[in-house]
Structures are given as structure tokens and as C-alpha cells.
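The next block holds one structure in the form of C-alpha cells; read it before the comments.
Just so you know, all these numbers are worked out from the coordinates, no wet-lab data involved. Predicted, not measured: the structure shown is a model, and the values here were computed from it. Positions of Cβ are backbone-derived with ideal geometry, glycine not excepted, and every protein chain shown enters the neighbour counts.
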Amino acid sequence: MIIRKRQLLLATLIIALGAAVFVNWYYTRPDVESASLSAQTTTQPQVQEGANLGDARYVISTDTVLEDAPAQAMANEYFAGAKLRRQTAHDEAAEALNDIIKDGDSSESVAQQAGDMLKELSNSISLESDIENLISAKVGCENLVILNRGNAEIIVENGSLDDVAIVKIKEIAVEQTGYPVENISITEMEY
């Protein structure tokens, strides 16, 4: 009877963890189609004749236009909120697994399974963070990475995708996760 209660408790917590992951995924995905793979023409490089190496020049960035400021603020708010929701879901799952491990009534096998799941969750959190940092460094855009059951979903800010960026992002994700390219999806946020 005691073993059945423990198994029922473990099954309930596993289902709750799965539900938390699904809810996190559902509320952090944008309601847009996958990003188009067509190249977007941006600015052309400028060559200045007669300039000396090291001469200072003022540069005005054309990436963010003043009219796009509300849209940029909305994107920043989206990414901050999505990362907060993801962190909350991770924390709740880790807390549930720690409760199982610390529970004196839990059998050794149940505690071992919970420990393995906690280790997998910790690795996933670290991997998501590493991939986000590499994408920010190599592509230079705000992004959100969601790893879920062998799939990687990457959401990037509007205007940051072109053919080169897509290749770089997929290369980073494949290298870090070991997932096949087919299991990596990149979505550009529309706002």
C-alpha cells in the first residue's frame, strides 16, 4: 500500500512537471509563423575614399528608428516576461523534485529518479542560458531559447534574421545541444 502511494505521488509530480513545461512553452511561443528564410537587404557597406586608418567618425545607427521605440519596448517587455515565466516554471519543477528527494517516505528508486530529473532540468537551464548568450554574442539580437524533449525553439527579435543569422543560430544550437537541424526551429517575433 505504501509503495502504491509513493508511485502515485511520483506519477502526479511527473505529470505536474510535464504540465508546467507545456504551459511554459504555450505562453512563451509567439503567435506567428516560422521565420522566412529569404534574405533581407539591410544597409550596404560604405567605403570612404581618402580616409586614414584610425580617423574618428560619428555613426548614427539606423537599426532602431524613433518610430519603432514603442515596438522595441514591447519586444523587450515580451522577452523579459517570457524569461521570467520560464524561470518560474523551472523553479517550481526543481522545488517539486527536491521535495521528493528530501521526503523520508520516498523509496530509494523514486528519489534516484527525482535526482536524475533534477540533474536533467539543471542541465537544460544551463544549456538554454549558454545558447542565448552565444546567439546574443554572435548574431547580436535579443532571443529566447526553449528546450523541450529533444526540440529547440528559438525566438529572436524582429529584423534580426537573414540567411547568415539563421545559419549561425542553427550552428550554435546544433553544436550545444547535439539535436539534429530538423529539431531546431527559429521564429522571428513580429510586433
- request: Could you calculate the contour length gain from ALA73 to ILE15, that is, 0.36 nm times the residue separation minus the distance between their Cα atoms, to one decimal place in nm?
  value: 17.3 nm
task: Compute the relative contact order of segment 142-191 as a whole-number percentage, counting only Cα pairs closer than 8 Å that sit 6 or more residues apart in sequence.
output: 45 percent
- prompt: Over segment 106-191, what is the mean sequence separation of C-alpha contacts under 8 Å (at least six apart), divided by residue count, expressed as relative contact order in percent?
  reply: 27 percent
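How large is the dipole of segment 131-177 about the Cα centre if only Lys and Arg carry +1 and Asp and Glu carry -1, each at its Cβ, rounded to the nearest 20 debye?
With Lys and Arg at +1 and Asp and Glu at -1, about 160 debye.
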Cα centroid separation - segment 95-125 against segment 147-178, whole Å: 30 Å
statement: Ranking VAL145, ALA73, ILE125 by how far each Cα lies towards the positive end of the charge dipole of segment 68-155 (+1 on Lys and Arg Cβ, -1 on Asp and Glu Cβ), the top one is ALA73
query: Using the Cα gyration tensor of segment 80-191, with a ≥ b ≥ c the square roots of its eigenvalues, what is the shape: rounded (a/c below 1.5), prolate (a/b larger than b/c) or oblate (neither)?
result: prolate
query: Under unit Cβ charges (Lys, Arg +1; Asp, Glu -1), what dipole magnitude, rounded to 20 debye, does segment 82-177 have relative to its Cα centre?
result: 240 debye
